[in-house]
1. Indicate the gyration tensor shape class of region 294-357 (rounded, prolate or oblate), computed on the Cα atoms with a ≥ b ≥ c the square roots of the eigenvalues: a/c under 1.5 is rounded; otherwise a/b larger than b/c is prolate and the rest oblate.
2. Quick one: if you stick a label point 7 Å off each Cα along the C-beta vector at Arg365 and Gln434, how many nm between them?
3. Distance from the Cα centre of region 396-443 to that of region 41-69, in angstrom?
4. Taking θ as phi - 60°, what are the ³J(HN,Hα) couplings along region 416-431 by the Karplus curve (6.51, -1.76, 1.60), each to the nearest whole Hz, with x for Gly and Pro?
5. So, in nm, how far is label Val294 from label Asn194 when the simple model puts each one 7 Å beyond its Cα toward the Cβ?
6. What ³J(HN,Hα) values, in whole Hz, does the Karplus curve 6.51 cos²θ - 1.76 cosθ + 1.60 give for region 173-185 when θ = phi - 60°, with x put for Gly and Pro?
7. Looking at Phe275, Thr160, Leu450, which one has the Cα that reaches farthest to the positive end of the dipole of the chain (charges on Cβ: Lys, Arg +1; Asp, Glu -1)?
8. Taking a ≥ b ≥ c as the square roots of the eigenvalues of the Cα gyration tensor of region 383-465, is the shape rounded (a/c under 1.5), prolate (a/b larger than b/c) or oblate?
Amino acid sequence: MGGHPKGLTTLFFTEFWERFSYYGMRAILTLFMVASVADGGLGLDVATAAAIYGFYTAAVFFMGIPGGWIADRLLGQRNAVLYGGILIALGHYSLAIDSRPTFYAGLVLIVLGTGLLKPNISAIVGQLYSADDNRRDAGFSIFYMGINMGAFLAPLVCGTLSERVGWHWGFGAAGVGMTLGLVQYVLGGSRLGNAGILREKPKDAGRLWGKLALAVLALVAVFYFLWDHRDYVLLAGSIGVFWWLLRQGRDPVERKRIGAIIAFFVFAMLFWAGFEQAGSSLTLFARNFTENSVFGWQFPASYYQAVNPLGILALAPLFAWLWVRWGKTQPSSPAKFMFGLAFLSLGFLVITGAAFVSAEGGNSRVSPMWLIGGYVLHTIGELCLSPVGLSTVTKLAPQRLVGSMMGVWFLASSLGNFIGGRIAGLFETFPLTQLFGAVSLTTGASAIILLFLIKPIRNLMGGVH
């Protein structure tokens, strides 16, 4: 694949189908939950649906931490990806069954499966390259194209089936996609060489599995009894993860680099809190306040979820070329993060304008170009931050902990999604100009703060660009 290791092709298409399944379901999840029972939905109010959506997407990324731990100590990254994909497929098929218990069971299965697959497939990509290989960032950008090819196709297929035929047809299509990804992954495994294979067999695997089972039971119990205080539970858990992270450094260089990962974590969390409004408040804005038609043809509101991945497909090759072309002179990772937050802020500024025009017209419907323009700016921001973050963590993390560190990286997405769910819950009770404007101001201020922290973070990175 363009002068890159052969294994990148296998991982590219595995992630393509996994993201097809995830984004297909994500595009319709909120709409399904707020749809009336008569229309085949769950009939939930927006605040409840947003809370479920936010907690579900947060849990998907949070489970990357135990998923990375399991890979590092028990399975290896390659087996973790396989077993995770099986759980994801079962979860989507469970969602395809028309009952409330199987709906929640399906969400749980997808959470567990994604926790195994998502951090570890990214870790395997990193293992295909040496630490000083200038192709690494370009490789992750290509890998990111696989993500977004699946994400682009998914809303068109799953959205059309769901809103034109029936909700559960869309969920079923997502399951078929993950199954195809598993078949491709198994058949192409030889291309990966030794990447992702557990180097040392655990000395006492039984005790490790027992500790893991107890930890899962404890986590379930905590959230069951402290659900109403879940904000504080997640905050305490995050502080615990940071404390654990800092203790992993065996020398001053490792400790500084882990400190840099924590800094990236904080700004990535703020980015995802805004970016992930796409599946909740922005989808509801598309349904309620946007003219969803082109030349008289009415299209589902879920189609807007295809704009971002289409932008990635168009722009990712350009970004991959730029990083390789600039080589050692390209902007540093903290600078790229700063640009990511700045473009996200500009995107929400555009969407705030859309909300203002709609309110001025008595909650009238606005042109689709407002949302499309905002999503394009968000896409540029994502390309500056997300694939670069994946690459940077694989370079900064100690090799013995790369799976666990990738899990921690995805914790930033977890907390961002959770915060994003709380923001989206204000959709019906807060003026949208103020809601979207506050997101724009917050992310813009974060970009300015990061601008002044670029040099200190680079010092923590210990020579890693």
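1. Oblate, because a/c is 1.5 or more while a/b does not exceed b/c.
2. 2.8
3. Each part reduced to its Cα centre gives a spacing of 12 Å.
4. Once θ is set to phi - 60°, the couplings for region 416-431 become x, 5, 5, 4, x, x, 5, 5, 5, x, 8, 4, 8, 10, 10, x Hz.
5. 5.0
6. Computed from phi, the couplings for region 173-185 are 4, 4, x, 4, x, 5, 4, 4, x, 5, 4, 5, 5 Hz.
7. Farthest along the dipole direction, towards plus: Leu450.
8. Oblate, because a/c is 1.5 or more while a/b does not exceed b/c.
The numbers here are math on the coordinates, done by the rules we state, and not lab data. These figures come from a predicted structure and were not determined experimentally. Positions of Cβ are backbone-derived with ideal geometry, glycine not excepted, and every protein chain shown enters the neighbour counts.
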